[in-house]
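Everything below concerns the one structure shown next.
Only the coordinates and a few stated rules stand behind these numbers; no lab work does. Values in this document were obtained by computation on a predicted structure and should not be read as measured data. Neighbour counts are summed over all protein chains in view; Cβ atoms, including those assigned to glycine, are modelled from backbone coordinates with ideal geometry.
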Amino acid sequence: MVDLSVALGKMQLKNPVMTASGTFGYGTEYADFMDVSRIGGIIVKGTTLRDRQGNPYPRMAETPSGMLNAVGLQNKGVEYFIEHIYPTVKNIGTDIFVNVSGSTVEDYIETAERLNELDKIPGIELNISCPNVKEGGMAFGTSCPSAAQVVKEVRRVYKKEIMVKLSPNVTNIADIALAVEAQGADSISLINTLLGMAIDAEKRRPVLSTVTGGLSGPAVKPVALRMVWQVANAVKVPVVGMGGIMNASDAIEFILAGASAIQIGTANFIDPQVCVKVLEGIEEYLIRHKINSVKEIIGALEI
Amino acid sequence: MVDLSVALGKMQLKNPVMTASGTFGYGTEYADFMDVSRIGGIIVKGTTLRDRQGNPYPRMAETPSGMLNAVGLQNKGVEYFIEHIYPTVKNIGTDIFVNVSGSTVEDYIETAERLNELDKIPGIELNISCPNVKEGGMAFGTSCPSAAQVVKEVRRVYKKEIMVKLSPNVTNIADIALAVEAQGADSISLINTLLGMAIDAEKRRPVLSTVTGGLSGPAVKPVALRMVWQVANAVKVPVVGMGGIMNASDAIEFILAGASAIQIGTANFIDPQVCVKVLEGIEEYLIRHKINSVKEIIGALEI
Amino acid sequence: MKKFILNLVVKENITLNTQYSLIILTSADPLPPMLPGQFAEVRVDNAPNTFLRRPISINFVDTTKNELWLLIQKVGEGTKKLCEAKSGETMNLVVPLGNSFSLPENIESEVLLVGGGVGIAPLLFWGAYLFERGYKCSFLLGGRSVENLLQLDDFAKYGKVYTTTEDGSHGEKGFVTQHSVLNGHNFDAIYSCGPTPMMKAVAAYASRKNIFCEVSLENTMACGFGACLCCVTDTTEGHQCVCTEGPVFNILKLKW
Amino acid sequence: MKKFILNLVVKENITLNTQYSLIILTSADPLPPMLPGQFAEVRVDNAPNTFLRRPISINFVDTTKNELWLLIQKVGEGTKKLCEAKSGETMNLVVPLGNSFSLPENIESEVLLVGGGVGIAPLLFWGAYLFERGYKCSFLLGGRSVENLLQLDDFAKYGKVYTTTEDGSHGEKGFVTQHSVLNGHNFDAIYSCGPTPMMKAVAAYASRKNIFCEVSLENTMACGFGACLCCVTDTTEGHQCVCTEGPVFNILKLKW
Ligand SMILES: Cc1cc2nc3c(=O)[nH]c(=O)nc-3n(C[C@H](O)[C@H](O)[C@H](O)COP(=O)(O)OP(=O)(O)OC[C@H]3O[C@@H](n4cnc5c(N)ncnc54)[C@H](O)[C@@H]3O)c2cc1C
Ligand SMILES: Cc1cc2nc3c(=O)[nH]c(=O)nc-3n(C[C@H](O)[C@H](O)[C@H](O)COP(=O)(O)OP(=O)(O)OC[C@H]3O[C@@H](n4cnc5c(N)ncnc54)[C@H](O)[C@@H]3O)c2cc1C
Ligand SMILES: Cc1cc2nc3c(=O)[nH]c(=O)nc-3n(C[C@H](O)[C@H](O)[C@H](O)COP(=O)(O)O)c2cc1C
Ligand SMILES: Cc1cc2nc3c(=O)[nH]c(=O)nc-3n(C[C@H](O)[C@H](O)[C@H](O)COP(=O)(O)O)c2cc1C
Ligand code: FES
Ligand code: FES
């Protein structure tokens, strides 16, 4: 038996396979396809202080080995989450993290404060990197002072695990990572989507209602791996890697690059059972390579 | 007959299809496959002041819908180019641009000065964005002051067309574009490769000798399109778009986004005739849409 | 309804004409329960430039033969690849997805199903379902030309078939909403699937006449089961996902 | 030599065993001139996860039948897909690429061709070429096990065949460089293609004995015709492209 558990800041995950926010609903959407309690941790949909309708249709474009989305954080707000969603998801059998977004620092603070009360939510993922909202969102994650400010303020009110999710749309991701680490982030997750665009040449129009959107899927994997490696080499807190993970081999690449855990996003749409397959694949890899614990390969890339 | 000619700064190209530096050798490598004189303009290999051996093997990794390269500007230096290569390529039948790289500002200046003497070279492409060299390279293109400085100094000594090639590995590409425009760039080309990484999970090693490398191919197209659109909306000089162009439809998307011309890189490896196919496809598109000149669709995206 | 990921076997791929294929899938195990209006998310194998699954309506389910039918129009690379499926190959489907058409309240209802082009796909299953339950349906099927009218013989088993073509090559010339049957008859319920302009015209007719009307919408989908929120349409209740709240919507709910 | 982009027809795909396929390509037009040691860049169609062409040696050219042979080992998705090619399909090749083996100076030379695994691919063409020109060759072919020894009958037409297997299932047990023929014989020229450790061992033997020796290298290639500079190997003359300065190198030139 190999040990799949990993440490994540203040907590311990039963295994390193998590789901990426905005791609896994509230977990229940996948219950028909697999035993979701086997997943190491579920990051639920981006949640904001108030109800958001998100962006108009069309919100999605397929691209080579990837997709653009412009969902724009559609959600019913934190109160609705607490009253209607939390009661059902809290017993899902694995750790649930809420992905928190805001247009202002105050939004982040208030939302985090409300979530702090929830027993069965061991942590939040601070999304300072959403490219699909007009105000705030990605802007916070693209400069060190603003990224630091959000984390600092949320740290005051939120006592449990704070995972900060970084935007890849920056010149130097390690600087941003260091800035949020200094303000008390317990862990750092990356990457959110790369800002991209699709055009319909025949109609001479952008495909997305918002013109630009967020790129995800295997297309971004090389960029994501590079950034995870850069950040893991810069910070001391654990790093959670994501971007284009489709199978166990991809997941292991991120772990070797320095990720203590990984998240799976877009792949869930193509294979709704991918999370457990990746989990089983990691286990198989460890057995084949005679490694007792997944912790032994975190950052074990030989340069 | 549709008019395919486009204006590029001080000059006029017979059509908007150019080749991307580092992917088309000196043009002669493709002579068996097509009539290279039909191409709108050829950007030859990255040239530096002195001979460079480039990076050790392995230099290439295939990625989903793309590839990473870590060639590292292998070339025999500007003197060798002038003496041995220029005499044969100058009569290739289309405009030849030399892609110029350097580790210091002085390198750029000296190289540009030497090239200024060559009659049949109407311009240079200043590569301030190569991710595959240790010093200089990309670093110049990732901050406004350093990008501006290179352009300013080269502008003093180089009298013909200066196309400045930007790095996509930045937070705000439009700012860099404005900075180089202000120093006298005649046109701006983008994108160079995105910094990425590949790992061999079984061997637990990076695939490339340099660990990280430059990502190109269709995977990067959504990011490239977005950046071309952002830059074209910010600057007044013509923009040359590239990144993942595989066919005429892709090329038209870049032109609609605001590119006056486009460059084709990685696609040349898969279909060595792709440049003329794209050219013919653009012509066919214009005829089908009853448009007389390709100039009419530059930036014609309807938002 | 419980959703499954199934590897079904291509029993037959019937090329209807250059544009359309009817793919008959089957399985050793009994197929799960499915309702008319629902769809499948089909994985496209061996296609270098497609990445996501493709949403395809359930065209027909033959429980006696354990068959699931898909009617596919080649529009891009994904559908082209699916139309090349060979007998014996497997196709991977996530199914059944979405809601379904609602039964008319009254068994005496005069029911009209209006389809355009490949939009007839879900209507065959729905027509058969209504017929089995004793409803009286008519079918009004339209297309640009006779090649775009599909499965007419199958529809004829379940009710009267009216057709229109824009070029007059079959049935009345014009659009479905111009067909004379809409003047002669008073329908109690209309169900429609096809190009958006057609459905809007049908919806306008139903609104005017105050007829119960449901339409089946398309949208760009990444997942097909409510996880990505990519497929919204604007409704009186805000943005709703076409893949879970739809694809079937009552026209009173839609803001289009 | 002039390079071409050809659509060749798969005449036959012979599965040698689970790992290897021999693909016989042909064309209505005469094939262009090609030399032993050269290779083709083969486009992989219908493969979702491969993007670049795959370099594959010219295994044999039968000018009388207008055939081009490729011997392919399944190692990853690209080669797996190529090995699934069906008769009648076309394969797109950029060909001929790279340099070629050099003829021994003296027609009296005792020539040895040493191949390992799929590395024997270019040696069959080279052996036939030497044989036709009156050279006397021997072949020393090695593999992990008997399944990795390929085309032995074809080689036997052009010279004496010696084999080794690591498990002793065919020929002498051990590595090619341990084969007794290397002790008994004095060769004047050795040509080798196979796994790098094998070629290095062959090169070491040749150096020691001062024998003329060429090896055919592999490398990761994006273009195959000198445009990308991705495929360098370190030589006494600096970094050289395996696709244009090679794949065949004299061992005296290599720094490995
Ligand atoms: C609920 C639902 C049920 C459907 N049922 C059927 C059916 O039974 N038979 C059938 O042939 N088709 C059906 N479609 C449409 C089918 O999904 C699209 O034609 C298909 O996804 C296009 O894929 P492609 O790769 O062939 O084309 P692409 O190359 O992806 O696109 C070609 C063109 O089709 C458009 N398109 C792409 N995806 C969609 C989409 N999901 N919805 C609408 N337009 C799209 C693109 O904008 C483009 O203009 C259905 C769609 C939905 C949402
Ligand atoms: C000049 C030349 C001639 C060749 N001749 C033949 C031949 O006749 N028959 C044959 O079966 N193979 C030949 N090869 C090797 C063949 O090109 C690779 O096996 C093939 O590209 C792997 O593709 P894939 O998609 O199957 O594997 P991938 O999934 O791409 O890779 C699988 C494994 O193979 C390695 N690999 C990938 N590409 C190459 C490459 N270009 N060179 C070396 N290793 C690689 C990878 O690192 C990985 O470990 C030749 C290679 C070269 C450079
Ligand atoms: C449809 C969709 C919606 C997303 N919504 C969110 C979100 O609400 N919050 C967030 O932090 N990231 C969101 N993301 C980004 C993902 O969590 C993840 O960072 C990104 O998709 C890269 O991983 P992948 O390539 O595995 O999908 C979304 C991604 C997609 C595709
Ligand atoms: C093998 C390779 C070598 C390259 N060398 C250079 C170079 O020397 N100078 C440069 O400015 N860009 C270089 N590039 C970047 C390309 O010119 C181009 O910006 C990039 O590949 C994106 O275009 P594409 O997706 O069409 O390939 C190179 C790209 C590749 C793939
Ligand atoms: S397609 Fe994902 S929610 Fe509808
Ligand atoms: S593979 Fe491109 S130069 Fe050799």
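Here the calculated FRET efficiency for A:Ser5 and D:Gln178, from their Cβ-Cβ distance with R0 = 41 Å, stands at 0.25, rounded to the nearest 0.05.
Given DSSP loops and a limit of at most 15 other Cβ atoms within 10 Å, what is the longest stretch of chain D that contains no such trypsin sites (Lys or Arg not before Pro)? Intermediate results must be reported in sequence, preceding the final value.
On the way: sites that count: D:Lys2, D:Lys65, D:Lys86, D:Arg133, D:Arg144, D:Lys157, D:Lys255.
That would be D:158-254.
The residues packed around C:Ile251, meaning those with a beta-carbon under 11 Å from its beta-carbon, carry a net charge of +2 if Lys and Arg are +1 and Asp and Glu are -1. Taken over segment D:110-216, the percentage of Cα pairs per 5 Å bin, counting from 0 up to the bin with the maximum distance, is 3, 14, 27, 28, 20, 8, 1, 0. Shape call for segment C:107-164 from the C-alpha gyration tensor, a ≥ b ≥ c root eigenvalues: rounded (a/c under 1.5), prolate (a/b greater than b/c) or oblate? Prolate is the answer for segment C:107-164, as a/c is 1.5 or above and a/b outweighs b/c.
Averaged over peptide A:199-212, how many Cβ atoms belonging to another chain are found within 10 Å of each residue's Cβ?
Mean shielding by partner chains, rounded to a whole number: 5.
When the helices of chain B are scored as -39500 (n - 2.57) per DSSP H run of n ≥ 4 and the total is divided over every residue, the value at 222 nm lands at -8000 deg cm²/dmol. If you bin every alpha carbon distance in segment C:1-133 into 10 Å steps from zero, what whole percent lands in each bin? Per 10 Å bin, starting at zero, the Cα-Cα P(r) for segment C:1-133 comes out as 12, 44, 33, 9, 1, 0 percent. Once the Cα atoms are used to define both axes, helix D:196-209 deviates from the longest principal axis of chain D by about 30 degrees. FRET efficiency for the pair A:Val276 and A:Glu106, taken as 1/(1 + (r/R0)^6) with r the Cβ-Cβ distance and R0 = 56 Å, rounds to 0.90. Shape summary of the protein assembly as shown, radius of gyration then Dmax from alpha carbon positions: 31.5, 102 Å. Label sites at D:Met1 and C:Glu77, each approximated as a point 7 angstrom past Cα along Cα to Cβ, lie 3.3 nm apart. With a ≥ b ≥ c taken as the square roots of the eigenvalues of the C-alpha gyration tensor of segment A:1-136, please select rounded if a/c is under 1.5 and otherwise prolate if a/b is larger than b/c or oblate if it is not? In terms of gyration-tensor shape, oblate. Positive-end ranking of D:Met34, D:Ile24, D:Phe51 along the dipole of segment D:4-97, with charges on Cβ about the Cα centre, is headed by D:Phe51.
In plain terms, the C-alpha convex hull of segment C:163-207 casts an average shadow of 3.2 nm² when viewed from every direction. Placing unit charges on each Cβ (+1 for Lys and Arg, -1 for Asp and Glu) gives segment A:1-126 a dipole about its Cα centre, and among A:Leu118, A:Ile42, A:Val98 the Cα reaching farthest toward its positive end belongs to A:Ile42. DSSP finds beta bridges in segment A:1-101, and of those with both partners inside it, around 50 percent are antiparallel. Across the options A:Asn172, A:Asn192, A:Thr210, the greatest Cα extent toward the positive end of the charge dipole of segment A:164-254 (unit charges at beta carbon of Lys, Arg, Asp, Glu) belongs to A:Thr210.
If you wrap the Cα atoms of chain D in a convex hull and average its projected area over all directions, you get 13.2 nm².
How large is the charge dipole for segment C:131-256, taken about the Cα centre, if only the Cβ atoms of Lys, Arg (+1) and Asp, Glu (-1) carry charge, to the nearest 20 debye?
My answer is approximately 360 debye.
Loop-located GluC sites (Glu not before Pro) across segment B:236-303 with a Cβ neighbour count of 16 or fewer within 10 Å are B:Glu302, with loop assigned by DSSP. For segment A:82-235, the share of alpha carbon pairs falling in successive 10 Å distance bins from zero is 11, 37, 32, 16, 4, 0 percent.
Pairs of lysine in segment B:65-156 with Cα under 24 Å and at least 8 positions apart or on different chains: total?
So the count of such lysine pairs works out to 6.
Phi angles across segment C:72-85 convert, under the Karplus curve 6.51 cos²θ - 1.76 cosθ + 1.60 with θ = phi - 60°, into 3J(HN,Hα) values of 10, 9, 6, 10, x, 5, x, 5, 4, 4, 4, 6, 8, 3 Hz, Gly and Pro given as x. Comparing chain A with the 2.2 N^0.38 Å rule of thumb, its C-alpha radius of gyration ratio is 0.93 (two decimals). For an R0 of 22 angstrom, estimate the FRET efficiency from the Cβ-Cβ distance between A:Ile287 and B:Glu202 and round to the nearest 0.05. About 0.95, to the nearest 0.05.
Placing a label point 7 Å from the Cα of C:Glu84 along the Cα-to-Cβ direction, the residues of segment D:77-117 with a backbone N closer than 19 Å are D:77-93.
If you take the Cα centroid of segment A:53-110 and the Cα centroid of segment A:250-279, the two points sit 20 Å apart. Rounded to the nearest 20 debye, the dipole size of the protein assembly as shown about its Cα centre is 800 debye, using +1 on the Cβ of Lys and Arg and -1 on the Cβ of Asp and Glu. Couplings 3J(HN,Hα) for segment D:49-60, derived from phi with the Karplus relation 6.51 cos²θ - 1.76 cosθ + 1.60 (θ = phi - 60°), are 10, 10, 9, 8, 5, 10, x, 9, 5, 7, 7, 6 Hz, where x marks Gly and Pro.
Does segment A:136-184 come out rounded, prolate or oblate by the C-alpha gyration tensor, with a ≥ b ≥ c the root eigenvalues, rounded set by a/c under 1.5 and, if not, prolate when a/b is larger than b/c and oblate if not? Verdict is prolate for segment A:136-184. For chain C, a crude dipole built from +1 on the beta carbon of Lys and Arg and -1 on the beta carbon of Asp and Glu, taken about the Cα centre, is about 240 debye to the nearest 20.
Taking a Cβ cut-off of under 10 Å around D:Glu110, the surrounding Lys, Arg, Asp and Glu residues balance to a net charge of -1, with basic ones at +1 and acidic ones at -1.
Think of it as helices only: each DSSP H run of n ≥ 4 in chain D is worth -39500 (n - 2.57), and spread over all residues that comes to -4500 deg cm²/dmol at 222 nm. Give me the net charge of C:Ala222's neighbourhood, meaning all other residues with Cβ under 12 Å from the Cβ of C:Ala222; Lys, Arg count +1, Asp, Glu -1. Cβ neighbours under 12 Å give a net charge of +1. For D:Val242, the residues 5 or more places off, or on other chains, whose built amide H falls under 5 Å of its own are D:Cys231, D:Val232, D:Thr233.
Hey, quick one: spin label on B:Ala300, modelled 7 Å out along Cα-Cβ, who in segment B:225-256 has an amide N within reach, i.e. under 14 Å? It comes to B:252-256, nothing else. Working from the Cα coordinates of segment B:241-295, the gyration tensor eigenvalues give, after taking √(5λ), semi-axes of 19, 13, 7 Å in decreasing order.
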